[in-house]
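Peer 1: Dropping a structure here in structure tokens format, bear with me for questions.
The values are calculated or read from the model by the stated rules, or taken from the named source; none is laboratory data. Keep in mind that what you see is a predicted model, and the values were worked out from it rather than measured. Counting neighbours? That spans all protein chains shown, and the Cβs are built from the backbone with ideal geometry, glycine included. These area figures cover heavy atoms from the full protein model, side chains too; ligands, DNA and RNA do not enter into them. Shrake-Rupley method; radii C 1.70, N 1.55, O 1.52, S 1.80 Å.
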Amino acid sequence: MHNSIINNLLQQLETVLLGKPHQIKLALTCILARGHLLIEDLPGMGKTSLSHGLAHSLGLSYQRVQFTSDMLPADILGVSIFDKSQAQFNFHPGPIFNQMILADEINRASPKTQSALLEAMAEQQITVDGATYSLPQPFFVIATQNPTEQSGTFSLPESQLDRFMMRISIGYPAPEAELAMLKNQDPNQSIADLPECLSATSLQALQKQVDDVSASDALLKYILALVNTSRDQAQSPGLSPRASIAILQAAKAWAFINQRTYLVPEDVQAIFPHVAEHRIRQHSQQQGEAVSDKILNQVNPIL
């Protein structure tokens, strides 16, 4: 049953982001694994369209927040305003109280504003003026990030990067895909016309099925070998225990999308660069080969 749902969802999203089936599959993997997604690329590559298409197709409430250098945490979380008639402060929720938030150009905001998302991403709740508020479920943050060499950007701190389960890059479209974009005069209208493939409840049911994907002890040891190898790299701190869990969960979601109820090494290898690279790359001075690819080449799965 889920096979047809997943296939329909992938096909629908491919009408939003033309010529990028692999990136779409990775983004859906992250959502099914209950993870937050970081999309890093140049402006105008379709990052916003992909997030809007995902939210619309999955039946999730959606809010885009444009991050700027003068944005404050209250612009995201909400603010308490004094009500004279009741002689008390009333909390007015911010845009974060949606099931999917697009933090657009997140690294254009100051570190203080970026940190407003930390508690929400880790604990599905926020704290304002000493009061804690639960966020809608399911809850996802999709953040877009411009290359850090561009002007007006602030690098994301390690604690923020570690809360993103996966990072993907979309890249330039193929010529035939770009031609199709030019023929479609109103891409935003096409997203608005998309039918809902799932509801929030159905999505949560699929996430539970992802949890049931089995992993052998040998496969778990393979994941730990990759993580421990990253910790032995002299040029960078290694992957955290949160990253270990993210690798396992993302690999399960990848296997699920590929219609398997068990993990194989290829599942781990497919998602590992997207889970690991943004956590370790910024510390590395190595040029050329990606650090995650080097780790994959050093560790042989013994199953």
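Peer 1: From the residues in segment 221-267 that are part of a helix (DSSP H, G or I) and open to solvent by 70 Å² or more (accessible area, probe 1.4 Å), which one is modelled with the lowest pLDDT?
Peer 2: The residue in question is Arg231.
Peer 1: Within segment 93-115, take every residue that is buried (at least 21 other Cβ atoms within 10 Å of the Cβ) and among the hydrophobic types (A, V, I, L, M, F, W, C) and give me the one that is farthest from Glu40 (Cα to Cα).
Peer 2: The extreme case among them is Ile96.
Peer 1: Follow-up question, since we're still on this one. For segment 131-153, indicate whether the set of residues that are surrounded by 20 or more Cβ atoms within 10 Å (Cβ to Cβ) and over 22 Å from Met166 (Cβ atoms) is non-empty.
Peer 2: no
Peer 1: Out of all the residues in segment 40-47, is one or more over 26 Å from Leu161 (Cβ atoms) and either within 18 Å of the chain's Cα centre (by Cα) or part of a helix (DSSP H, G or I) (or both)?
Peer 2: no
Peer 1: Something else: Just to verify a result, which residue in segment 2-39, among those that are of a type in the set (Ser, Thr, Tyr) and not in a loop (DSSP other than H, G, I, E, B), is nearest to Ser159 (Cα to Cα)?
Peer 2: Only one residue tops the list, namely Thr29.
Peer 1: Further question: Exactly one of (1) open to solvent by less than 20 Å² (accessible area, probe 1.4 Å); (2) touching a helix residue (DSSP H, G or I) at 6+ places or on another chain (Cβ under 9 Å) is unmet by Leu18. Its number?
Peer 2: Looking at each condition in turn, Leu18 falls short on (1).
Peer 1: Another one. Counting only residues that are open to solvent by 30 Å² or more (accessible area, probe 1.4 Å) and aromatic (Phe, Trp, Tyr), which one in segment 57-92 is nearest to Glu158 (Cα to Cα)?
Peer 2: So, considering only residues that are open to solvent by 30 Å² or more (accessible area, probe 1.4 Å) and aromatic (Phe, Trp, Tyr), the one nearest to Glu158 (Cα to Cα) is Tyr62.
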